[in-house]
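Take a look at the structure below.
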Amino acid sequence: MQIEISGDAEHLLQAVLASGQFASAEEFITQMAKQYGLTVGAQMGKRRNQVDVDTLALEQSVGPLSDYRDLKADFWNEGESVDSFVQEIRSVRDQDTLRAF
């Protein structure tokens, strides 16, 4: 197995291996992958419960868009400018950012 990791991650990996908890880097990576619900090998990087798009679409009874006009959403007053819309979006995002702290 070959992966690229940052210098900090490499130092951490070396320290973990030096502790004797794991016999190899592969064993450590496999254990960490299992802990976070990932698989290693051909499926590396995919979550165990990941579903492909076609299966998900079938489960949700959705299909391709047949008419772009179906995307129209009536959530903004016609008299409002685009600048007002953008300002409102930024305001909401700023409030969400402040709540995160």
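Derivation of every value follows stated rules applied to the coordinates shown; laboratory data play no part. This structure is a prediction, so every number in the text was calculated from the model and none was measured. Please note: Cβ atoms are built from the backbone with ideal geometry, for glycine as well, and neighbour counts cover all protein chains shown.
Computed quantities for the displayed model
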{"item": "Ordering of 61-74, 10-23 by burial proxy (mean other Cβ atoms within 10 Å per residue, highest first)", "result": "10-23, 61-74"}
{"item": "Förster-model FRET efficiency, 35 Å R0, Ala23 and Leu58, C-beta, rounded to 0.05", "result": "0.20"}
